[in-house]
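The values are calculated or read from the model by the stated rules, or taken from the named source; none is laboratory data. Since we're looking at a predicted model, the values are computed, not measured. Here the Cβ positions follow ideal geometry from the backbone for every residue, glycine too, while neighbour counts run over all protein chains shown.
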Amino acid sequence: MWDQAGFVATFEMNEFPDGRHFTFLSPALEENSRMPAEANDRHTAEPGAVLIVEDSENSAAMLEIALLGIPGIAVLMASSALEALRILDDRESPIRAIVTDLNMPRMDGFELIRRVRDDARLRGTPIIVVSADTDPATPQRVADLGVSAFFPKPYSPYQVRRKLEQILDGATQ
């Protein structure tokens, strides 16, 4: 829902049987854009983009809201690893970072990460993993694949944003 001035979008999720209700607020977006309007004006030539790969709509929305406030960053969304690969293949300007889930249908996040690391053009792209995977070996598996960070679900979208900002600023690789 957009407010009358077009400044705030409200996303509501009422999925819990116990009646819990969550409301998330985000900056209003220009039509067909996933970048805050003020950032879009400042970086029209070629904004950096972060690709979120998440099959859960609620998790994707929480990440998107958290990352939209990063100045100069557009947020691209993919609901599957296969869609993410298409976006990565079709995009002329590079993706600055990828935030991905691991457990997705048809192709999991492990395979997506392997393919990104095997592609000379994408090899150095920072990757952050957010996952509900409870296998104790998962953090080491993703570390061995060269990810920049691992956040087990439930995670704080703010912490993911902070880590991403550090990576984009070159503070952590």
Query raised in the report: So, of the residues in the stretch 108-121 that are of a type in the set (D, E, K, R) and part of a loop (DSSP other than H, G, I, E, B), which turns out to be nearest to residue 57 (Cα to Cα)?
Result: 108
Requested in this report: Being within 15 Å of the chain's Cα centre (by Cα) and among the aliphatic types (A, V, I, L, M) is the filter here, so list the residues in the stretch 107-132 that pass it.
Outcome: 112, 113, 127, 128, 129, 130
Requested in this report: With a cut-off of at least 1 residues that are at pLDDT 90 or above and of a type in the set (A, V, I, L, M), name the strands (runs of 3 or more DSSP E) lying wholly within the stretch 1-107.
Outcome: 48-53, 73-78, 97-100
Report task. Quick one: in the stretch 121-164, of everything that is surrounded by fewer than 16 Cβ atoms within 10 Å (Cβ to Cβ) and among the acidic types (Asp, Glu), which residue is farthest from residue 101 (Cα to Cα)? Result -> 144
Query - Answer residue from the stretch 126-136, given it is at pLDDT below 95 and assigned to a loop (DSSP other than H, G, I, E, B) and is nearest to residue 52 (Cα to Cα) among those - result: 132
Report summary line: Listed by first then second residue, the pairs whose first member lies in the stretch 58-81 and is more than 17 Å from residue 163 (Cβ to Cβ), whose partner is among the polar types (S, T, N, Q) and in a strand (DSSP E or B), with beta carbons under 8 Å and at least 6 positions apart or on separate chains, are 81/100
